[in-house]
C-alpha cells in the first residue's frame, strides 16, 4: 500500500517497434471490412503484445469507440481474449457491426448485388430513416466509397462529383475481399458479447450490468438449472403459442437410459436442439463440446440427403456424436426434412418441433429471444452456482452475492433458488439424523 492506495502492478510494454496490423503479420492481414486511414489499426499489434507480455487474458475486451474495431478484432482473432464488446455512438456503425455478427448472409448478398455507382452513393447518403439492415449496408458502402472513409455529410464520394479522377468511386470497394472478411468475422460471432449504439460513457458500464454467470448452458450436468433459467425468463415475457410450446418441451428426461429408453432418447434429441438454438443465439460454446443422440436409419438417410458432405454416421448402437460445428448442420438438415414433408415417423414429435421452430426462426423472433441470457452463461463453469454457494457456507466462508444488477426476472429466480437450495439441504441434514426441524 502507498498513501492508503493499492499500488498498480508494473505493466510490461513492448520495447521494439511492432508492425501495423495489415502488414503481413495478422491473420487475414487487415480483418476489418471498414477502412479508416490512420485509425486504431496502428495500435492493434501493440495492444496484443502488451496482453502477451503480461500474461493477461481478458474475459471481456470492450472497445467503446469501435469505428473499424481493428484492435478488438485483432485480439479476438489472435485468441488473446475470451469475448469482445463493441460500442458506437453512430447508429450506422452500430448497425453494421450488429449485422456482421447476426445477419451476415443478408449483408453479403446485398454487397454482391448492389451496383457501385454515384447514383447508389447519393441514394444511400440521402436516406434518413432506415432499418437496421439498411443502415448497416449504408455504413459499409459509404465508408468504402467516400473520401477517407468518412461517414459525415461533409465527405464527398471518391472520384469526385464528376468522377473525372483516376480513382473512381469503386476503387476501394473490393467485393471479394470485403465479403471474405465478413464471413471470417461471422464465424467468431459466439465470442461477441454485445454491440451497442451508445455513448462511450454508457458502453464502459455494460460489463457491470451483464449479471453473474449461473451455469454452463451446454452442460448435461446442469441442464435442469439452464432450463429453469430459460423458463423463468421467457414465461412472463411472451404468451405466444410457440413460446408456450417451446417451454412445454421435456428436455430433461430420465437421468439414465435404463429407466425409460424411449423417454431418454426423446429428451436427448430435444436437448440437442436446444443446444443448437443456443449456438444460433451466439452463446459461446465450451471447448470440446459435443452431444450424443440416437438416430434411426431412415431418419439419418433423410438428414444426409440434405446435409451435404461429410455424411453423418452413427455407431453400432445407432448413436450419433455431434460436435458444435456439426450440430447446426444436422439441425438445418432436420428442419429442411420436416419442412419438405419427409417421412420421419414419430422421431420428430410435437415437442421437438416446437424447439426446431425457435431454432429456425420460423415464427416470431425465434432463437433471438434467448440472446439476452448470454451473460448468465459461462463456458468454464462446471457445477451448479447454488451448490457452490452452499459448499462455501459449509466451509465457514462469508458469501456475498451481488443481485443488484442484471435482469430483474433472472435475479429474482436466482435469489429464490439459492435460498430454497440451502433450506432443502438443511431439511435433508435434519432428517438424516432423525431430528425434527425447528418451527419458526
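So, residue 148, is that one more than 30 Å from residue 79 (Cβ to Cβ), part of a helix (DSSP H, G or I), in contact (Cβ under 8 Å) with a residue 60 or more places away in the chain and not assigned by TED's automatic domain parsing to the domain that holds residue 324 or not? So residue 148 fits the description; yes. Can you pull out every residue in segment 365-418 that is in a loop (DSSP other than H, G, I, E, B), at pLDDT 75 or above and in contact with a helix residue (DSSP H, G or I) (Cβ under 6 Å, 6 or more places away or on another chain)? Correct list: empty.
Once segment 355-395 is narrowed to residues that are over 26 Å from residue 236 (Cβ atoms) and in contact (Cβ under 8 Å) with a residue 40 or more places away in the chain, the residue that is farthest from the chain's Cα centre (by Cα) is 383.
Taking segment 295-364 and the helices (runs of 4 or more DSSP H) fully enclosed by it, no element has 1 or more residues that are outside the structural domain of residue 279 (by TED's automatic domain parsing) and exposed (fewer than 15 other Cβ atoms within 10 Å of the Cβ). Restricting the first member to segment 236-247 and to residues that are modelled with pLDDT under 90, and the second to residues that are part of a loop (DSSP other than H, G, I, E, B) and surrounded by 15 or more Cβ atoms within 10 Å (Cβ to Cβ), the beta-carbon pairs closer than 7 Å and six or more apart or on different chains are 240/364; 242/363; 242/364. Got at least one residue in segment 218-228 being under 19 Å from the mean Cα position of the chain (by Cα) and part of a loop (DSSP other than H, G, I, E, B)? Yes - at least one qualifying residue is present in segment 218-228.
The rows are residues; the columns are (1) assigned to a helix (DSSP H, G or I); (2) outside the structural domain of residue 318 (by TED's automatic domain parsing); (3) farther than 24 Å from residue 381 by Cα.
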{"site": "232", "(1), (2), (3)": "yes, no, no"}
{"site": "246", "(1), (2), (3)": "yes, no, yes"}
{"site": "256", "(1), (2), (3)": "no, no, no"}
{"site": "270", "(1), (2), (3)": "yes, no, no"}
{"site": "276", "(1), (2), (3)": "yes, no, no"}
{"site": "283", "(1), (2), (3)": "no, no, no"}
{"site": "287", "(1), (2), (3)": "no, no, no"}
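Going through 215, 272 one at a time, which residue ends up being closer than 23 Å to residue 59 by Cα and in contact with a strand residue (DSSP E or B) (Cβ under 8 Å, 6 or more places away or on another chain)? Step by step, each of 215, 272 is checked, and only 215 is closer than 23 Å to residue 59 by Cα and in contact with a strand residue (DSSP E or B) (Cβ under 8 Å, 6 or more places away or on another chain). Residue check: residue 106 meets all listed conditions (1) within 28 Å of residue 44 (Cα to Cα); (2) within 22 Å of the chain's Cα centre (by Cα) but one, namely (1). Could you say whether any residue in segment 271-279 is surrounded by 14 or more Cβ atoms within 10 Å (Cβ to Cβ) and either free of Cβ contacts under 8 Å to residues at least 12 places away in the same chain or farther than 28 Å from residue 365 by Cα (or both)? No: zero hits.
The values are calculated or read from the model by the stated rules, or taken from the named source; none is laboratory data. Worth saying up front: this structure is predicted, and the values here are computed from it rather than measured. We place every Cβ from the backbone using ideal geometry, glycine too, and count neighbours over all the protein chains shown.
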